[in-house]
1. By how many nm would the segment from Arg100 to Glu70 grow when fully extended, if each residue of separation counts as 0.36 nm and the alpha-carbon distance is taken off?
2. Suppose a student asked you for the relative contact order of region 1-101, using Cα pairs under 8 Å spaced at least 6 residues apart; what percent would you report?
3. Distance cut-off 19 Å, Cα to Cα: go down the list Lys2/Lys101; Lys2/Lys30; Lys30/Lys88; Lys8/Lys101; Lys75/Lys101 and report the pairs above it.
4. With r defined as the distance between the Cβ atoms of Lys8 and Val34 and R0 fixed at 35 Å, what FRET efficiency is calculated, to the nearest 0.05?
5. With just the Cα atoms of region 3-43, tell me how far they stretch along each of the three principal axes, in Å, largest first.
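Values quoted throughout were computed directly from the atomic coordinates according to the rules given, and no laboratory measurement underlies them. It should be emphasised that the depicted structure is a prediction, and the values quoted were computed from it without experimental measurement. Every residue, glycine as well, gets a Cβ built from its backbone with ideal geometry; the counts of neighbours run over all protein chains shown.
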Amino acid sequence: MKIAIPTKDNHVDNHFGHCDYFTVYELNDKNEIVAESQLTTSKECGCKSNLAEELAAQNVNVMLASGIGEGAIRKLQHQNIEVVAGFKCSIQEALDRYIRKDYFKNFTICTEHGECSH
């Protein structure tokens, strides 16, 4: 399984599409980290860019986010990427919480996009 986390300063970035990069963890069947990499982004709005396709091309299965809009969620889900949001913590804590299933499936969708003009 591959999990992508929008990252800024080693924390889950508040805005999925404008993160510095994605930290991508690959886990084995025992939920142990077997690889870690970074995917640099163009810092475009997640619903108006090709981020979902880029992540799918890297075989990402899960996106752990802080804030994310409905358009980005739909694009990710269209690429068969599960989206879980509401993580306001370090990327390591987000990964640990996901592995422990310590998160809410129902989360608030981001509605403020500032310069994205939705």
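1. 8.2 nm
2. Value for region 1-101: 30 percent.
3. Flagged as over cut-off: Lys30/Lys88; Lys8/Lys101; Lys75/Lys101.
4. 0.90
5. For region 3-43, the Cα spread along each principal axis is 32, 16, 14 Å.
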